[in-house]
Amino acid sequence: SSAHAVVVGGGSGGATAAKYLKRFAPEMQVTLIEPKATYYTCYGSNWVLGGHATMDDIEQTYGALKDRHGVNVVQDSVTEINPERRTVTTAGGATMNFDRLIMSPGIDFRYDAVPGITAADAERIPHAWKAGEQTVLLRRQLEAMSDGGVFVMVAPGNPFRCPPGPYERASMVAHYFKQAKPRSKIIILDNKENFSKQGLFMAGWEQHYGDMIEWVPSSEGGQVEEIDAPNLTAIADAGFTRIKADVLNYIPPQTAGAIALQMGLAGDGFWCPVNQLTFESSIHPGIYVIGDSSVAGAMPKSGHSANNQAKVAAAAIVRELSGQDPLMPSTANTCYSLITPDHAISVAAVYAYKDGTIAAVEGAGGVSPADAPASFRQQEALYTKGWYDGITADIWG
Ligand code: FAD
């Protein structure tokens, strides 16, 4: 009988993996386990906060995976994996055997990293770092805020999901404030000293938003040490700095998805080490970890990375099961960020496997030029939408 591959998580990595396993080996049985019937992409969720896209625009479903690609999509959540017996158990009570398992459970949050805030507070203090209800909640809070209010974002240290994400979010919130409540302020309290595409973001902020956005690096009071949740206040500098928000967006430090941690796939750490040639776990053979949960050398935690890694893992599995060596993969990442709906910047890189890790290929990729005319930024804003349409078609289409 044919081999059975089970994929845990129907996000950017998992949905791609399921589709491409079927493409590479149509005879293989592929089961995708995902609790949600509807997935909202994090990419584009900042546009919803900016008010120029809706939740419908970032909604993805599983019909094509089932009907067009022959993936067995199971709406359930994995609660237990037995790596020796090669079984997974779900919340719904099903147990299934697998020959190979791909895990792409995304991220979870370390609410214990800073005192004064817990996971339950996310109902009032959204992270909006998993798209869906959290996106809607943050947008509603921004809409309800009065003109002259303060939006405070607490940004995590490295590594975390989507390095340019917090700064695109600040841009999109500024875009909304500029139209709807122009006396308002945005403060980013950052647990690091610099950030992705920093020069391009800061030049764009100055150009479009004057001094509406204030970025505070960790060494200058940005390192948040405590949250006074009832008072929406971030505390830094051993208590000397207290910043009261009207809307507080606390983005906690992150870990691999909870199920990966629970199964020991991260060892003593927060992220899952893998053989970076194949994405097979360094801890449990036969189990592959891709996407944000994995340690993938120089690749950032992005949807584009997860999509590429899924294809590498799927190909490695299909080749291994037919007695072939893995291919030498080449992967890529692109992250577009909107500063306004008509002004986008991007970063791109190409990666190759070298000396046991995934390394950036020198001379390939880079960021958008510093001095470019408005028409260039506008062109990149068109590419941003094109990237979204292309990658979501590749993943869920
Ligand atoms: P996810 O896409 O989060 O998928 C994980 C899935 O696993 C979820 O659907 C979850 O329900 C499921 N799951 C979890 N636990 C279980 C379980 N026990 N059983 C079954 N299923 C489970 N990336 C880009 O490339 N470009 C961008 O422009 C971009 N913008 C972003 C903007 C923001 C604001 C944010 C927050 C992120 C952005 N990203 C972007 C990053 C991107 O969203 C993630 O890196 C990507 O989704 C990671 O894919 P993944 O498969 O690892 O996790």
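The values are calculated or read from the model by the stated rules, or taken from the named source; none is laboratory data. Everything numeric here is computed off the predicted structure, so don't read it as measured data. Cβ sites come from the backbone with ideal geometry, for glycine too, and all protein chains shown count toward neighbours. Heavy atoms of the whole protein, side chains included, go into the accessibility calculation; ligands, DNA and RNA do not. Shrake-Rupley method; radii C 1.70, N 1.55, O 1.52, S 1.80 Å.
Computed quantities for the displayed model
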| quantity | calculated |
| --- | --- |
| Odd one out for residue 224 among (1) open to solvent by 80 Å² or more (accessible area, probe 1.4 Å); (2) in a loop (DSSP other than H, G, I, E, B); (3) under 21 Å from residue 117 (Cβ atoms); (4) not charged (D, E, K, R) | (1) |
| Cβ pairs under 6 Å, 6+ apart, first in the range 30-49 and closer than 18 Å to residue 91 by Cβ, second within 6 Å of the ligand (Cβ to nearest atom) and hydroxyl-bearing (Ser, Thr, Tyr) | 35/77 |
| Some residue of the range 329-343 being under 24 Å from residue 25 (Cα atoms) and open to solvent by less than 20 Å² (accessible area, probe 1.4 Å) | yes |
| Residue tally, condition part of a loop (DSSP other than H, G, I, E, B), more than 13 Å from residue 314 (Cα to Cα) and not polar (S, T, N, Q), over the range 19-50 | 8 |
| Scope the range 244-264; condition open to solvent by 30 Å² or more (accessible area, probe 1.4 Å) and assigned to a helix (DSSP H, G or I); matching residues | 258, 261, 262 |
| Residue check for residue 392: within 30 Å of residue 56 (Cβ to Cβ), surrounded by 16 or more Cβ atoms within 10 Å (Cβ to Cβ) and more than 12 Å from the ligand (Cβ to nearest atom) | no |
| Candidates 14, 51, filtered to the one that is touching an Asp or Glu at 6+ places or on another chain (Cβ under 9 Å), more than 12 Å from the ligand (Cβ to nearest atom) and either of a type outside the set (A, V, I, L, M) or under 17 Å from residue 104 (Cα atoms) (or both) | 51 |
| Scan of the range 265-297 for residues that are open to solvent by 30 Å² or more (accessible area, probe 1.4 Å) and within 15 Å of the ligand (Cβ to nearest atom), ordered by number | 270, 271, 295 |
| One residue from 113, 203, 120 being closer than 17 Å to residue 228 by Cα, open to solvent by 20 Å² or more (accessible area, probe 1.4 Å) and not in a loop (DSSP other than H, G, I, E, B) | 120 |
| Residue within the range 359-381 that is aromatic (Phe, Trp, Tyr) and over 23 Å from residue 44 (Cβ atoms) present | no |
| Cross-chain or 6+ apart pairs with Cβ under 6 Å, the range 145-158 first and within 15 Å of residue 187 (Cα to Cα), then part of a strand (DSSP E or B) and of a type in the set (Asp, Glu) | 155/190 |
| Wholly within the range 57-102, strands (runs of 3 or more DSSP E) carrying at least 3 residues that are in contact with a His (Cβ under 9 Å, 6 or more places away or on another chain) and open to solvent by less than 20 Å² (accessible area, probe 1.4 Å) | none |
| Matching residues in the range 344-364 - criterion: being over 19 Å from residue 165 (Cα atoms) and without any contact (Cβ under 8 Å) to a residue 40 or more places away in the chain | 350, 352, 354, 355, 361, 362, 363, 364 |
| Members of the range 362-389 found to be open to solvent by less than 60 Å² (accessible area, probe 1.4 Å) and farther than 17 Å from residue 332 by Cα, listed by number | 369, 372, 377, 380, 381 |
| Subset of the range 150-179 that is in a loop (DSSP other than H, G, I, E, B) and open to solvent by 10 Å² or more (accessible area, probe 1.4 Å) - its residue that is farthest from the ligand (Cβ to nearest atom) | 157 |
| Identity of the residue in the range 286-319, over 21 Å from the mean Cα position of the chain (by Cα) and free of Cβ contacts under 8 Å to residues at least 40 places away in the same chain, that ends up nearest to residue 25 (Cα to Cα) | 319 |
| Residue satisfying all of: in the range 123-148; among the basic types (Lys, Arg) and part of a loop (DSSP other than H, G, I, E, B); most open to solvent (accessible area, probe 1.4 Å) among these | 124 |
| Answer from 332, 364, 348, 344 - the residue that is within 12 Å of the ligand (Cβ to nearest atom) and either more than 20 Å from the chain's Cα centre (by Cα) or more than 18 Å from residue 306 (Cβ to Cβ) (or both) | 344 |
| Enumeration of residues in the range 351-361 that are within 24 Å of residue 384 (Cα to Cα) and surrounded by fewer than 16 Cβ atoms within 10 Å (Cβ to Cβ) | 361 |
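Condition check ((1) under 30 Å from residue 138 (Cα atoms); (2) open to solvent by less than 10 Å² (accessible area, probe 1.4 Å); (3) modelled with pLDDT under 95) across all residues:
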{"site": "2", "(1), (2), (3)": "no, no, yes"}
{"site": "18", "(1), (2), (3)": "no, yes, no"}
{"site": "23", "(1), (2), (3)": "no, no, no"}
{"site": "43", "(1), (2), (3)": "yes, no, no"}
